[in-house]
Amino acid sequence: MASLCISLMLVVVYLPQIVISFTAEVKMDSCYDTTRRGHGFRVTNGPIVSNFNCTMYFEAPDPNLYIAVRLNKVDLRRIGQSCPTFTVYMFTGWRMDVVPDEWIGSEVRVPADPLPLMSCNCTNYLQKCPDLHFDETKGPSQKIMLSYNPDDPKRTVQRQDAFDVTLSSFLRGSSFVCPTGYFSCWHYRYRCLPDSLVCDGFDSCYDNSDEFAYSCTGRIANMTLPVFIVMVLCEPPRWHAQLDWRFKSGRPLFVLPYPKFCACLV
């Protein structure tokens with residue numbers, strides 16, 4: 001590289017944050033038995049027009065992970081005769097259950113041991129499900145079930161903002177000591193978030209430490225990457241009229257047009 005460039009000045013640049021979301025946004029707008037597997041989810045309700053319980057299941061991809069659930073916002077106010085209910089369950093496994101009589105001989109998979117973490121309805125949601133309230137599974141590999149019943153017998157109320165919930169998987173660790181590939185939350189020190197949830201635009205630590213500017217500056221694909229750009233004069237002169245990419249000693253060199261500057265990534 002030294003044979004190609006004569007140094008003029010040194011400019012240190014931290015690349016701006018590139019936000020890549022690894023928290024999947026999910027809308028509960030149907031009542032199908034669906035299990036979603038991932039590190040993080042943000043779940044909101046769609047305009048479910050029904051008088052039946054709608055359920056959705058979530059699990060972490062690693063059996064060593066726990067799942068935390070935060071209620072960003074819950075609004076179950078009574079509208080007409082509609083008094084919706086919302087419940088968050090944790091469970092460890094499945095069992096097969098017989099479906100109603102009209103489908104004799106059929107079975108459906110349901111949680112074998114559901115335990116409610118949070119539950120509320122139109123009469124008590126302000127007390128039982130306040131905004132930003134959260135809880136978490138009590139053991140690794142436990143799953144989460146969200147259950148929502150619009151309670152709309154006449155099917156006339158189309159609620160689109162009944163709940164907004166964030167689910168975040170984490171590894172339990174000692175204070176500020178997390179293994180490689182995990183981020184230590186600042187306030188809830190025992191929580192080690194998978195790196196894929198850091199700087200993705202969603203508060204998965206529930207104290208915003210995983211989205212804090214200091215943690216996210218200069219990150220590409222969730223990796224801290226300070227990049228030093230050296231501006232140098234390019235020689236020989238024949239490179240001045242084109243934009244060219246070359247690789248020297250495994251390092252990329254791109255050549256800018258006149259006035260014959262190049263940038264070497266070091």
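Taking the criterion of being out of contact with any Lys or Arg (no Cβ under 7 Å at 6 or more places or on another chain), assigned to a loop (DSSP other than H, G, I, E, B) and more than 25 Å from Tyr89 (Cβ to Cβ), the residues of segment 185-200 that qualify are Trp186, His187, Arg189, Val198, Asp200.
Looking at segment 35-62, which of its residues are within 14 Å of the chain's Cα centre (by Cα) and part of a loop (DSSP other than H, G, I, E, B)?
Listed by number, the residues that qualify are Gly38, His39, Ala60, Pro61.
From Pro130, Pro140, grab the single residue that is closer than 20 Å to Pro63 by Cα and touching a strand residue (DSSP E or B) at 6+ places or on another chain (Cβ under 9 Å). Of Pro130, Pro140, the one residue that is closer than 20 Å to Pro63 by Cα and touching a strand residue (DSSP E or B) at 6+ places or on another chain (Cβ under 9 Å) is Pro140.
Reported count of residues in segment 201-211, each being more than 10 Å from the chain's Cα centre (by Cα), assigned to a loop (DSSP other than H, G, I, E, B) and either more than 14 Å from Glu136 (Cα to Cα) or modelled with pLDDT under 90 (or both), is 2.
Looking only at segment 52-110, count every residue that is modelled with pLDDT under 90 and among the aromatic types (Phe, Trp, Tyr) and tell me the total. Summing the residues that are modelled with pLDDT under 90 and among the aromatic types (Phe, Trp, Tyr) in segment 52-110 gives 2. The residues of segment 152-184 that are surrounded by 20 or more Cβ atoms within 10 Å (Cβ to Cβ) and not in a strand (DSSP E or B), listed by number, are Asp152, Arg159, Ala162, Cys178.
Among the residues of this structure, Pro150 counts as one that is assigned by TED's automatic domain parsing to the domain that holds Pro84 and either in contact (Cβ under 8 Å) with a residue 12 or more places away in the chain or not polar (S, T, N, Q) (or both). Only residues that are in contact with a strand residue (DSSP E or B) (Cβ under 6 Å, 6 or more places away or on another chain) and of a type in the set (Phe, Trp, Tyr): list them for segment 170-201, please. Those that are in contact with a strand residue (DSSP E or B) (Cβ under 6 Å, 6 or more places away or on another chain) and of a type in the set (Phe, Trp, Tyr): Phe170, Phe176, Tyr182, Phe183, Tyr190.
The values are calculated or read from the model by the stated rules, or taken from the named source; none is laboratory data. Since we're looking at a predicted model, the values are computed, not measured. Here the Cβ is made from the backbone with ideal geometry for all residues, glycine too, and neighbour counts use every protein chain on show.
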